1. Could you list, in sequence order, the residues of the stretch 103-126 that are surrounded by 12 or more Cβ atoms within 10 Å (Cβ to Cβ) and in a loop (DSSP other than H, G, I, E, B)?
2. Within the stretch 93-113, how many residues turn out to be modelled with pLDDT of 95 or more and among the small types (G, A, S)?
3. Exactly one condition in (1) in contact with a Gly (Cβ under 9 Å, 6 or more places away or on another chain); (2) over 27 Å from I17 (Cβ atoms) is false for S56; which is it?
4. Restricting the first residue to the stretch 53-79 and requiring it to be in contact (Cβ under 8 Å) with a residue 60 or more places away in the chain, which pairs with a second residue that is surrounded by 14 or more Cβ atoms within 10 Å (Cβ to Cβ) meet a Cβ separation below 8 Å and a spacing of at least six or different chains?
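The values are calculated or read from the model by the stated rules, or taken from the named source; none is laboratory data. Just so we're clear, the structure is a prediction, and the values are computed from it rather than from any experiment. Here the Cβ positions follow ideal geometry from the backbone for every residue, glycine too, while neighbour counts run over all protein chains shown.
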Amino acid sequence: MLDVRLNGTSDLDWSEIYAEFPYINFHEYTKRPELAEKLAQFKNVHITFSKHEGHSMDDVKQVLFKGINVAVVFKKNIPDQYNGVDVIDGDAHDRRWEDVAGRIVGLKLKGTNAVKDFAIRRGFAV
């Protein structure tokens, strides 16, 4: 299956492209809850919302309630559940379209010790 990810390091709305190519599957991550909800309407786009330090648990639950998975970075091990929601090991593969909807996609904190310390201090990693 051909699958394209347009936002490798950006967080842009490519809706015109998704609409123009309905027979191509896309998968994207976004930190923007409103964009996650918008893109979830496309049948050819699988969206994963990326939680960061500025998002509350209410933000996360609102997105999960709509059946959109939420990526969460964990300080240490990836738990089986996070705030009562089942967690998928997001480091096992990046084929997010294969994931069960409405789950947390757990990612291990990566990088140098300085990068990890910064992420923990900011509240990015939980």
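1. Matches in the stretch 103-126: R103, L109, F124, A125, V126.
2. Count: 1.
3. (1)
4. E53/F124
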